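Undergrad: Quick one: this structure, given as structure tokens, is what I'll be asking you about.
Coordinate-derived values only; no laboratory data. Quick caveat, the model's predicted, so the values are computed rather than measured. Every residue, glycine as well, gets a Cβ built from its backbone with ideal geometry; the counts of neighbours run over all protein chains shown.
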Amino acid sequence: MTECPKCGLVKTVKNGCHLGRQRHRCKDCGFQFTRATPKGRPASEKATAVLLYTLGFH
Ligand SMILES: [Zn+2]
């Protein structure tokens, strides 16, 4: 599931491709994006990334 970077809801649908990347559209606010920006990422995902980095998975 992809989280909408604008409203944070996970109500996104695939909306074709743009510049070779999967494009998504939020069903709630209509915002279109190709990938969730680092800013819009949930804290849990960031914590996991940090943990993996710490463990040497990079
Ligand atoms: Zn949205």
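Undergrad: For a quick check: with amide H placed at 1.01 Å from N, whose amide H comes under 5 Å from Arg35's, ignoring anything fewer than 5 positions away on the same chain?
TA: Here the answer is none, since no amide H 5 or more places off falls under 5 Å of that of Arg35.
Undergrad: Moving to a separate point now. Amide H neighbours of Thr12 under 5 Å, at least 5 residues apart or on other chains, H built in the peptide plane: list them.
TA: Thr2, Lys27
Undergrad: Compare the peptides 4-17, 22-35 by average per-residue count of other Cβ atoms within 10 angstrom and give them in order, highest first. Present the calculation step by step, with values, prior to reporting the outcome.
TA: Working: 4-17: 14.0, 22-35: 15.6.
Final packing ranking: 22-35, 4-17.
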